[in-house]
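S.K.: I'd like to ask some things about the structure below.
The values are calculated or read from the model by the stated rules, or taken from the named source; none is laboratory data. The model shown is predicted, which means the values in this text are computed figures rather than measured ones. Here the Cβ positions follow ideal geometry from the backbone for every residue, glycine too, while neighbour counts run over all protein chains shown.
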Amino acid sequence: MQRRDRGVAQSLGGPLTKRVKESRVLLVGAGGIGCELLKNLVCCGFGSYQSALPTEDGTETSPAASHVRKAEVVVIDLDTIDLSNLNRQFLFRKQHIKKPKAFVAKETASQFNPSVAIDAQHASIFDSTYNVEFFEGFDIVFNALDNLAARRHVNKMCLAADVPLVESGTTGFMGQVQAIKKGVTECYDCNPKPVQKSFPICTIRSTPSQPIHCIVWAKSYLFPELFGTSEEDSADMAVTEGDNAEEVAKLKEEAEALKKVRRMMGKSEFAQEVFNKVFHDDIERLRSMTEMWQSRKPPEPLSFQSLSEGPSIVKQGQTLALQDQRAWTLLENISVFCYSLETLSNRVQGGENVIEFDKDDKDTLDFVTSAANLRSHVFGIPLHSEWEIKQMAGNIIPAIATSNALTASLCVMEAFKILRSQPAKANALAEPTANNHIPTKAQSTAIGKPEELLGGSKMVFLTSKNTDRLITSQPLVGPKADCPVCSPVYAKLAISEERAETLKALVDLLKRTVGYKDFSMTTEAGIIYDPDLEDNLQKPLSELGITGQSNGFITVTDDSDEPKVDLVLSTTIRRSPVDDAEATGLQITPKKIELPLKPEAAYANGDMDGDAEPEPVFASSAGAKRKRETEEEVESAKKRAKSDVYVVEDDGAILLDD
Amino acid sequence: MTEIAPREVTPPPLQAPTAKEKKYDRQLRLWAASGQRALEESHVLLIVGDENLGSNSTVAGVETLKNLILPSIGNFTIADSARVTDADLGVNFFLESDSLYKSRADETRRLLSELNPDVTGHAITTHLSEWLELENSLQPYNLILICAPISLEYLQQTCAYASENSIPLIYMHSAGFYASFSIQLPHEFPIVDTHPDPESTQDLRLLAPWPELEAAVDSIGDISTLSDHDHGHIPYILLLLHYLREWKTSHNGQYPSDFKEKTEFRDLVRSGARTNNPEGGEENYDEACASVLKSIAPPPVGSGCKEMMNMPSCTQVTAGSPNFWIIANAIKKFYDTHGVLPLPGSLPDMKATSTEYIKLQSIYKAKARADVAEVTQTVRQLENDLSRMSTKIVDSEIEAFCKNACHVRVLTNPNNASIPELRLAISDAKTFAGLPGLIENDWEGMLPVFIALDAPRKMDLSNLSEDADVQESYEKAVEEVERVQGGELHNISSVLGGMVAQEAIKLLTRHKSSTQMAQHLNGR
């Protein structure tokens, strides 16, 4: 009889099938890519080993078994399901709206292959539960995330835990997959990522000239002032050098006055008060600053009394708010403004203390659209429809099923290559990571031959411009020697819960084990120690936010003339008993740490230029050159082969001995 | 010939946004209401081949359908006469334990239908020989997908039907780590919205200004007398036009044409910037200098558009011509009269006061509207002359065409060539003649995948190349295909299903150009 997993076993071959089945996999995110990934993992048998051979009572059979790493797929997602997910996140249906993505994804995917153990967790990956030890428990981690912060966080955790990471993302018809492994490949942060654009505060608050300025004003100033927690700072706007200090001070006063208006929420005249404050009084004040308008058209204040048409206005607003495809007129915007303000006020009165702007929360979108348009009108800027404003205000990225499906399957393809190339982890809880900066023998031979990195895994792109070639790839590149995230050596600091050790104990331990002379220490909170900062030495570590339960890092920087690379410590609770002979309850693993010298470019003053960069980067430029040559070859091959059977696609050869 | 032009472009709905619009929000931002409507009007047929080798690429086929059902095609039909086996259960996500021994077409249809209640699924469970022969058996479908392997007879029949009826067909094959697909395009397949690179779409008409734009340059007056603020806020487009006038007076009325002249012109512009300020320059002048090389060029006409204007379908329209060609004919008339295409009318962001910017923007928009009006008038005249008044082309379709005119493309399949797999199977002389060249230039080593998957069994593979290594790669590939015995690896079929669906979406929504190359994948 045919076995259920015949296809998988036949294709992957015996040894890899076993690795796949025995693997323990972490999937971060159960959205567009996450749903597809979970399906592929389940259909390829990832994490199906143990449950395929269950013990009779379902418990572990021997004490030794308690060390055994359980084969399973762990999926973590913080989000709940929204209607706009259903066009691509295929594990979800209409009846699942508002339920946690992780749970529903598990439920739907389990129906396919009950022998795969799926552990679903509805939580944030930033939670301290998910510390370095947690990450060490996996053979491979998949990122299926939609934001930079979480991507960078998982990248760092995987570097610290020395677990391979498959990073991916899509935008519209495009997609990208990248495999990352500490000391072997570039990490997510080796290449700087674009930062969110921030507008000068005076442009937003005093002299807008484009629709986006008014949208940012409505979304990041007016809305939080009325419905958010006060004193919120938005990344959308910042005081810049070009901003006039005097004007900035005035703007602070203006915001204070708005807070007074906020206290009238719930009273019938609230909408009128807000309206007159921001579209009349504040505009009059701006107009009075004549020097500002010498060469600009001054804004025209609006008056609520002369425009509104009585109590029916809210009702009209409610109807208008359903028409999101055309730009509303001035009067219509006022109606929607009053309607949304009333709806939001009612929600606050109903106990919702703080409301945050969310593009999928229609009430907040109605408010931001109408307020932004009214401000545009005041400044003579064109008005826009709610549909258009939603995209601008919500940073909506187009997303389709096909790109996600493709990208997710490419992720699993890379995972096969990685699993093939990595020795299986011991079937026991992993020993603390070895000194993971110095390439092992196998890895060092790979440097300079980047195509061999991670079993021939590649950086893969779904392209949309080139119609001859749907998927392109390029060899992975070695780590950047001066990358602040992956160039340090990662180690662990075990902290005994019985003894409350001080910072001094840690300083002494570092001097003893690593041989530091001058050095400094930094946590997320800032510098906690350097040779001139001794105030903290007698404080217990816990007072500095360092405990065995946090998932934060301590960065140790060598301040000597010929500095070594940084040492980054993650913390754990010390499990082994403290020996009386030991002077401290702290323990650093691995016991012996050898830090290589920092590459000069990383600490030398002045610009770095290409010539000064060390070897792995050389490998990168070689990779780029190789790519150029490759493209030329494609061109010439095309010219030679004048037929329309043209062969393209992924990979060179990875030989599998099966 | 059946209608092959884009379906009418639906104007954005003026009514309340429905739950449906919300559900498809993220994709509507990519292919708009027009693409969505075309998608919802489509009926996709998936034919599973009758050779019953392993799972017969059904996983790839079903994954493709999944990716088309989610964004909401109207209907799909699965034609598959096989029954569900154990091996199917382990690799196909859209089957469950209870499906065992039942009809595979019925079961996959049922489970796929759960994905989206807006889509209607159908199943044909009889053998190809029973239903394909029936009259009009393929008539309901506007896209045919074939899961290989399939008997030559049925492949030929289906490809011929697709070609005669101008509908696209996609052939796909997945086995082990190998996968491939090919598209058979209709004779002509026009695409209006090709999603060009936003950088390349700018058309400022600096070398062909119209009277209103000239007037805007006049209104600046004498630049040297302006206040520093005003001088620093002249929109760079007007700056360039101003300096172009200056250039022409000293160059016999000629515009800067080659790289050298453009560089000189840039220096001329730069020399006009005021530098007696803390910044030591002016932002609008910087913008002007930066755009010289790109925007000092004759109004663009894309190569795809030029080709289109020369096609007989464009020059000889008839009462039965699809909308696309009626508008194309009007666009050609416009071009022949004015030497330029209709102005798209969009303006890049630039340093300027709001008032000035809006003024300039309205000059461009007004010109674009006037151009659309002229093309519309020609279209109406044509409709009148051809007596096709009953099927009036909607304004928004004409407008969309004018906006994208420069980048319009007509994909063609000049000789109605069928997919390479079929040509190989029928030992097409031309295909065979081209093979040695392909083998020699196959620098990525992907041809063995194609040959191993789809070469007819009777084909002699023992002498493909004189290079022993190359020859060995073919033999290894053939061995690999034999080894897996048609067994699909879910993940590879999922890649294939993603690729095929991606191209199918482009074809169905008529957005973006799809690939015309056979695509092969080696997942190793």
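S.K.: Can you tell me which of (1) over 28 Å from the mean Cα position of the chain (by Cα); (2) under 30 Å from residue B:29 (Cβ atoms); (3) of a type outside the set (S, T, N, Q) is the one residue B:153 doesn't meet?
M.R.: Evaluating residue B:153 over (1) over 28 Å from the mean Cα position of the chain (by Cα); (2) under 30 Å from residue B:29 (Cβ atoms); (3) of a type outside the set (S, T, N, Q) leaves (2) as the failure.
S.K.: Kindly indicate whether residue B:468 is of a type in the set (Gly, Ala, Ser), surrounded by fewer than 18 Cβ atoms within 10 Å (Cβ to Cβ) and at pLDDT 85 or above.
M.R.: The answer is yes for residue B:468.
S.K.: Right, here's the next one. Being surrounded by fewer than 24 Cβ atoms within 10 Å (Cβ to Cβ) and more than 8 Å from chain A (Cβ to nearest Cβ) is the filter here, so list the residues in region B:482-502 that pass it.
M.R.: Scanning region B:482-502 gives B:482, B:486.
S.K.: Inspect all residues belonging to region B:87-95 and state whether any of them is under 30 Å from residue B:153 (Cβ atoms), out of contact with any helix residue (DSSP H, G or I) (no Cβ under 8 Å at 6 or more places or on another chain) and without any contact (Cβ under 8 Å) to a residue 60 or more places away in the chain. Explain how you work it out, then say what you get.
M.R.: Taking region B:87-95 as the starting set, the residues that turn out to be under 30 Å from residue B:153 (Cβ atoms) are B:87-88, B:91-92, B:94-95.
Filter once more, so that each one left must be out of contact with any helix residue (DSSP H, G or I) (no Cβ under 8 Å at 6 or more places or on another chain): none.
Taking every residue of region B:87-95 in turn, none turns out to be under 30 Å from residue B:153 (Cβ atoms), out of contact with any helix residue (DSSP H, G or I) (no Cβ under 8 Å at 6 or more places or on another chain) and without any contact (Cβ under 8 Å) to a residue 60 or more places away in the chain.
S.K.: Looking at (1) within 14 Å of residue A:271 (Cα to Cα); (2) in contact (Cβ under 8 Å) with a residue 12 or more places away in the chain, which one does residue A:346 not meet, given that it meets all the others?
M.R.: (2)
S.K.: Can you tell me which residue within region B:121-159, out of those that are of a type in the set (Gly, Ala, Ser) and at pLDDT 95 or above, is nearest to residue B:56 (Cα to Cα)?
M.R.: B:123
S.K.: Is one or more of the residues making up region A:350-363 within 13 Å of chain B (Cβ to nearest Cβ), modelled with pLDDT of 90 or more and in a loop (DSSP other than H, G, I, E, B)?
M.R.: no
S.K.: So residue B:324 clears everything in (1) touching a Ser or Thr at 6+ places or on another chain (Cβ under 9 Å); (2) part of a loop (DSSP other than H, G, I, E, B); (3) hydrophobic (A, V, I, L, M, F, W, C) except one condition, right? Which one?
M.R.: Unmet for residue B:324, out of (1) touching a Ser or Thr at 6+ places or on another chain (Cβ under 9 Å); (2) part of a loop (DSSP other than H, G, I, E, B); (3) hydrophobic (A, V, I, L, M, F, W, C): (2).
Yes/no per residue for (1) at pLDDT below 85; (2) more than 14 Å from every other protein chain (Cβ to nearest Cβ); (3) surrounded by 14 or more Cβ atoms within 10 Å (Cβ to Cβ):
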site	(1), (2), (3)
A:215	no, yes, yes
A:232	yes, yes, no
A:235	yes, yes, no
A:250	yes, yes, yes
A:275	no, yes, yes
A:301	no, yes, yes
A:315	yes, yes, no
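S.K.: Does residue A:286 qualify as being touching a residue at least 12 places away in the same chain (Cβ under 8 Å) and closer than 18 Å to residue A:355 by Cβ?
M.R.: Spelling it out, it is not the case that residue A:286 is touching a residue at least 12 places away in the same chain (Cβ under 8 Å) and closer than 18 Å to residue A:355 by Cβ.
S.K.: Taking into account only those residues within region B:424-434 that are out of contact with any Phe, Trp or Tyr (no Cβ under 9 Å at 6 or more places or on another chain) and either buried (at least 19 other Cβ atoms within 10 Å of the Cβ) or free of Cβ contacts under 8 Å to residues at least 24 places away in the same chain (or both), which is nearest to the other protein chains (Cβ to nearest Cβ)?
M.R.: B:434
S.K.: A follow-up question, please. When you scan region A:65-76, do you find a residue that is assigned to a helix (DSSP H, G or I), at pLDDT below 90 and within 14 Å of chain B (Cβ to nearest Cβ), even just one?
M.R.: Checking region A:65-76: not a single residue is assigned to a helix (DSSP H, G or I), at pLDDT below 90 and within 14 Å of chain B (Cβ to nearest Cβ).
S.K.: If we keep just the residues of region A:385-411 that are among the small types (Gly, Ala, Ser) and more than 21 Å from residue B:490 (Cα to Cα), which is farthest from the other protein chains (Cβ to nearest Cβ)?
M.R.: Taking the candidates together, the pick is A:393.
S.K.: Which members of region B:77-117 meet the condition of being within 10 Å of another protein chain (Cβ to nearest Cβ) and exposed (fewer than 14 other Cβ atoms within 10 Å of the Cβ)?
M.R.: B:97, B:114, B:117
S.K.: Within region B:388-400, is even one residue in contact (Cβ under 8 Å) with a residue 24 or more places away in the chain, in a strand (DSSP E or B), surrounded by 15 or more Cβ atoms within 10 Å (Cβ to Cβ) and not charged (D, E, K, R)?
M.R.: no
S.K.: With a cut-off of at least 2 residues that are hydroxyl-bearing (Ser, Thr, Tyr) and at negative phi, name the strands (runs of 3 or more DSSP E) lying wholly within region A:502-589.
M.R.: Details: elements: A:519-523, A:526-529, A:553-558, A:567-573, A:586-589.
Of the strands (runs of 3 or more DSSP E) lying wholly inside region A:502-589, those with at least 2 residues that are hydroxyl-bearing (Ser, Thr, Tyr) and at negative phi span A:519-523, A:553-558, A:567-573.
S.K.: Tally time: how many residues in region B:503-524 are within 8 Å of chain A (Cβ to nearest Cβ), small (Gly, Ala, Ser) and buried (at least 24 other Cβ atoms within 10 Å of the Cβ)?
M.R.: 1
S.K.: For a quick check of your reading: which helices (runs of 4 or more DSSP H) sit entirely within region B:163-272 and have at least 2 residues that are of a type in the set (Gly, Ala, Ser)?
M.R.: So the answer is B:211-220.
S.K.: Of all the helices (runs of 4 or more DSSP H) wholly in region A:79-186, which have at least 2 residues that are under 26 Å from residue A:416 (Cβ atoms) and within 11 Å of chain B (Cβ to nearest Cβ)?
M.R.: Helices (runs of 4 or more DSSP H) meeting the threshold: A:101-112.
S.K.: Looking only at region B:384-407, which residues are of a type outside the set (A, V, I, L, M, F, W, C) and under 20 Å from residue B:309 (Cβ atoms)?
M.R.: Hits for region B:384-407 are B:385, B:397, B:399, B:403, B:404, B:407.
S.K.: Name every residue in region B:1-21 that is at pLDDT 50 or above and more than 7 Å from every other protein chain (Cβ to nearest Cβ), in order of residue number. Show your work before the answer.
M.R.: First, the residues of region B:1-21 that are at pLDDT 50 or above: B:17-21.
Selection gives B:18, B:20, B:21.
S.K.: Next question. Of the residues that make up region B:436-452, is at least one at the interface with chain A (Cβ under 7 Å from one of its Cβ atoms), under 27 Å from residue B:92 (Cα atoms) and at pLDDT 85 or above?
M.R.: Yes.
S.K.: Test residue B:331 against the criterion of being under 29 Å from residue A:378 (Cβ atoms) and part of a helix (DSSP H, G or I), and give yes or no.
M.R.: Criteria not met by residue B:331.
S.K.: Hey, could you check region B:22-31 for residues that are within 18 Å of residue B:396 (Cα to Cα) and touching a residue at least 40 places away in the same chain (Cβ under 8 Å) and say which is farthest from the other protein chains (Cβ to nearest Cβ)?
M.R.: For region B:22-31, the residue satisfying everything is B:31.
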